[in-house]
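Take a look at the structure below.
The values are calculated or read from the model by the stated rules, or taken from the named source; none is laboratory data. Quick caveat, the model's predicted, so the values are computed rather than measured. Using ideal geometry, Cβ is built from the backbone for each residue, glycine included, and neighbour counts are taken over all protein chains shown. When the accessible area is computed, the model is the full protein with side chains, heavy atoms only, and any ligands, DNA or RNA have been set aside. Shrake-Rupley method; radii C 1.70, N 1.55, O 1.52, S 1.80 Å.
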Amino acid sequence: MDFTVDPAFQAKLDWMLDFVKTECEPIDLLFPHHGDPYDTSNAKARAIIAPLQDQVKAQGLWACHLDPHLGGKGYGQMKLAYMNEIIGRSYWAPTIFGTAAPDTGNAEILAMFGTPEQKARYLQPLLDGDIVSCFSMTEPQAGADPKEFECRAARDGDEWVIEGYKWFSSNARYASFLIVMAVTDPDAPAHSRMSMLVVPAETPGIEIIRNVGTIGDDPLDDSHGIHGYIHYNQVRVPLDAMLGAPGDGFKVAQARLGGGRVHHAMRTVGRCQRAFEMMQERVVSRRTQGKLLADHQFVQGMIADTAIEIEQFRMLVLKTAWVIDNEPHGAARTLIAMCKVQMAKIYHDVVQRAIQIHGSYGVTNETVLSAMWMSLPSLALADGPTEVHKVQVAKAYTRNARPSQGLFPTEHIPDRLAAVRARYADILADSTLEVAA
């Protein structure tokens, strides 16, 4: 495995890091609410970011997750890993670089499964950053478990009629269209019951019950909540609104979620690195008990642990990216699950240490650490809860394990010693080989 970066691409990364620090991170301060990057109606925000997006495009760094036939660079996951480390530092950077979720994944499945009409109406505006979209999958009684989904789409003549509820449909309030996962054959095997449908946002019957906020938002004010609790009340769409064939919903979902999970991990490396930079600055700036924080062994331990853990996680992410690029499709599945599990843990540990090192200042809302801390629980749940991926990892490793052949484990020393003594019995019994006194 080769993780080296050629000089030309390193120059691109250097430009990106400076650009994100000087241009994107300040936008996070101007427009700090979760929905701001997705609100295409905010004329002031769009007036500010449009020239920044032009600079990104001039550098050839726009929407680089896409293959060349979709206008991307076809860089592959290794290069994307290095790029996303930098993009992850800023909440607005994905929008400014044309890589904001869930639009990236939705663009991919439109490209793979969409009709020519769907691509013309939605894909190109999505790739251009002119509109945003929503992936409407999870349900209030089922979470992300498709085996428990109840929202249905029934055929009625030349239309599909969608009836049911969806929960946490991110950016629904801003979306030009929603991709809805609905049960079309409740009697089929679990992974063949569902289908994906493209639903224009103006379709009658889409009722947003409320826009749900997250930790830190005012529970009495949903003006900034971005996660839609939706009732699809007899929503009608034509038969060609379906992505893929009936029953392919699970397959379509998996086509987008794997890449999304590893890109989350890539960006988490960048967020951890930013928090670590803040830790390093703090410990050489602040004094207590007569010396710099950097001279206290407890603090040195936190700095060392953080440096080591970030590097370990970064190597896992890079290995995963390398396997995606170089081995057959599906070979990285377990590694992707590992990344998904570990990113929530390392993000928690790094941010917690950064807050601790900043003392009371760390728990104020005057640094980015507060926003990082608020996003921790979401990271452990996005694209499937951590526990589901732990189960996947465990099954992958135990699937090929073999039980011991006898009463005791294979590593049982008395049995192994007896076996090795029997193997070399002649030599061990040869008195001429005794060690001289």
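The slack in the chain from Lys251 to Asp128, taken as 0.36 nm per residue of separation less the alpha-carbon distance, amounts to 41.6 nm. In a fully extended conformation the segment linking Ala371 and Gln59 would gain 109.3 nm over its present Cα-Cα distance, using 0.36 nm per residue. In a reduced charge model with +1 at each Lys and Arg Cβ and -1 at each Asp and Glu Cβ, the stretch 236-303 shows a dipole moment near 200 debye about its Cα centre. For the stretch 194-208, list residues with backbone N below 11 Å from a point placed 7 Å from the Cα of Glu159 toward its Cβ? What the label zone holds, given the 11 Å backbone N cut-off, is 204-205. Among Ser285, Ser133, Ser169, the largest mean-square fluctuation in a Gaussian network model of the chain, built with springs joining Cα atoms closer than 10 Å, belongs to Ser285. Taking the dipole about the Cα centre of the stretch 160-304, with the C-beta of Lys and Arg at +1 and of Asp and Glu at -1, give me whichever of Ser285, Ile215, Trp167 is farthest to the positive side. After comparing all options, I get Ser285. Protection proxy ranking for 115-125, 174-184, using the average of other Cβ atoms within 10 Å per residue and placing the highest first: 174-184, 115-125.
Could you give the size of the charge dipole of the chain about its Cα centre, using +1 on the Cβ of each K and R and -1 on the Cβ of each D and E, expressed in debye and rounded to the nearest 20? Computed about the Cα centre, the dipole is about 720 debye. The stretch between Ile209 and Thr22 holds 63.4 nm of extra length on full extension. This uses 0.36 nm per residue minus the Cα-Cα distance.
Within the stretch 157-253, the percentage of alpha carbon pairs spaced more than 17 angstrom apart rounds to 53%. In the stretch 1-150, taking the dipole from charged Cβ atoms about the Cα centre, the farthest positive-side position among Trp15, Pro146, Ile86 is held by Trp15. Only Lys, Arg, Asp and Glu carry charge here, each on its Cβ (+1 for the first two, -1 for the last two); on that basis the stretch 165-245 has a dipole of about 160 debye about its Cα centre. Inter-part distance, the stretch 228-307 to the stretch 361-437, computed on C-alpha centroids, equals 27 Å. Label the chain by shape, choosing from rounded, prolate and oblate, from the square roots a ≥ b ≥ c of the eigenvalues of the Cα gyration tensor; if a/c is under 1.5 it is rounded, and otherwise prolate applies when a/b is larger than b/c, oblate when it is not. Judged from the Cα gyration tensor, the chain comes out oblate (a/c at least 1.5, b/c at or above a/b). Each label point was placed 7 Å from the Cα along the Cα-to-Cβ direction; for Glu281 and Glu117 their separation is 5.4 nm. Among the protein heavy atoms of the chain, carbon and sulfur supply 55% of the accessible surface, probe 1.4 Å, non-protein parts ignored. The string of couplings for the stretch 90-97 from the Karplus curve (6.51, -1.76, 1.60, θ = phi - 60°) is 10, 5, 7, 4, x, 5, 6, 9 Hz, one whole number per residue in order, with x for Gly and Pro. For the peptides 135-147, 217-229, 341-353, 5-17, the ranking by mean Cβ contacts within 10 Å, running from highest to lowest, is 341-353, 135-147, 217-229, 5-17. FRET efficiency for the Lys345 to Thr288 pair, using the beta carbon distance and R₀ = 25 Å, is estimated at 0.30.
Three principal axis extents describe the C-alpha atoms of the stretch 38-170; from largest down they are 49, 35, 31 Å. For His296 and Ser192, the FRET efficiency from 1/(1 + (r/R0)^6), where r spans their Cβ atoms and R0 equals 56 Å, is about 0.40. Label sites at Leu428 and Glu148, each approximated as a point 7 angstrom past Cα along Cα to Cβ, lie 5.7 nm apart. Between Lys73, Lys291, Lys21, the Gaussian network model of the chain with springs among Cα atoms under 10 angstrom shows the greatest mean-square fluctuation at Lys291. Between Ser378 and Gln405, how high is the FRET efficiency from 1/(1 + (r/R0)^6) when r is the Cβ-Cβ distance and R₀ = 35 Å? Nearest 0.05. The pair Ser378/Gln405 has a calculated efficiency of 0.15. Can you classify the stretch 312-437 as rounded, prolate or oblate using the Cα gyration tensor, where a ≥ b ≥ c are the square roots of its eigenvalues, rounded means a/c under 1.5, and otherwise it's prolate if a/b beats b/c and oblate if not? Prolate is the answer for the stretch 312-437, as a/c is 1.5 or above and a/b outweighs b/c.
Calculated from DSSP H runs of 4 or more alone, at -39500 (n - 2.57) each and per residue, what is the 222 nm mean residue ellipticity of the chain, nearest 500? Result for the chain: -14000 deg cm²/dmol, rounded to the nearest 500. Residue ranges 202-212, 367-377 sort as 367-377, 202-212 when ordered by packing (mean number of other C-beta atoms within 10 Å per residue, highest first).
Is the stretch 32-83 best put as rounded, prolate or oblate by its Cα gyration tensor, with a ≥ b ≥ c the root eigenvalues, rounded for a/c under 1.5, and otherwise prolate when a/b is larger than b/c, oblate when not? Cα axes put the stretch 32-83 in the prolate bin.
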